[in-house]
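Below: one structure, written as structure tokens.
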Amino acid sequence: MIAALTGMGLSAAAGLNAYIPFLIVGLIARFTDLIVLPAGWTWIESWWALGIAAVLLLAEVVFDKVPAVDSVNDAIQTFIRPTMGGLIFAATQAAAGLDNSAWMQEHPWVGIVLGVVLSGLVHTGKMAARPVVNVSTAGVGAPVVSTVEDVFSAGLSLIAVFLPLLVIVALALLAWLLIWMWLRVRRWRRNRAAGVHPDYA
């Protein structure tokens, strides 16, 4: 149960930023015994993997805060974020340092699918909302929203590892935000199609 909550939290965080949860898991596994990655997953805590992830995170942080460029980046990340979500779920459910479910151990594909689906849903919401934010704020909102997403991704990743029971609350909040944003996006598109200036005040 605990491992599943950890995996779900990390996967959702990967939907916002693929590299933050990867780095957090890798660093914790390398420098502590809280997460003990089994053979086959230890590459996550290797210096070369952490270094590549750090460089990619830096690029993501920069590109995601530039209007228009952020939408191109989101399109590219469509393949990366869900993949990372599935990978990080599978790695953490197999970690010896977590309270693993025997059923999840016997059905590892479930974790991968859950990770891909969770990351994909969060990424889809993020990708759909960003153009609306850019247009409705003349691009000013892009760096603000991106920073909030990065902070939320880091916070959710840390909660998933250190306080996994709170993942339920965090995911409920994230679901509410995504639904709220989806409704706003739908209204914005409907108003735009009708030639009505959307009111975001």
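Residues of the stretch 47-74 that are surrounded by fewer than 13 Cβ atoms within 10 Å (Cβ to Cβ), farther than 22 Å from Gly141 by Cβ and more than 18 Å from the chain's Cα centre (by Cα): Trp47, Trp48, Gly51.
Taken over the stretch 75-87, the criterion of being of a type in the set (A, V, I, L, M, F, W, C) and more than 11 Å from the chain's Cα centre (by Cα) is satisfied by Ala75, Ile76, Phe79, Leu87. Filter the stretch 22-46 down to the residues that are among the aliphatic types (A, V, I, L, M) and in a loop (DSSP other than H, G, I, E, B), then identify the one that is surrounded by the fewest Cβ atoms within 10 Å (Cβ to Cβ). Restricting to residues being among the aliphatic types (A, V, I, L, M) and in a loop (DSSP other than H, G, I, E, B), the top hit is Ala39.
Close contacts from the stretch 112-140, counting a first residue that is farther than 20 Å from Leu156 by Cβ and a second that is aliphatic (A, V, I, L, M) and not in a helix (DSSP H, G or I), with Cβ to Cβ under 8 Å and a gap of 6+ residues or different chains, come to Asn134/Ala68; Gly139/Ala68. Out of all the residues in the stretch 126-141, which are surrounded by 21 or more Cβ atoms within 10 Å (Cβ to Cβ) and either modelled with pLDDT of 85 or more or not in a helix (DSSP H, G or I) (or both)? Within the stretch 126-141, Lys126 is the sole residue that qualifies. Taken over the stretch 47-80, residues that are part of a loop (DSSP other than H, G, I, E, B) and over 23 Å from Lys126 (Cβ atoms) amount to 0.
The values are calculated or read from the model by the stated rules, or taken from the named source; none is laboratory data. From a predicted model like this one, the values you see are computed outputs, not experimental measurements. Note: ideal-geometry Cβ built from the backbone for every residue, glycine included; neighbour counts use all protein chains shown.
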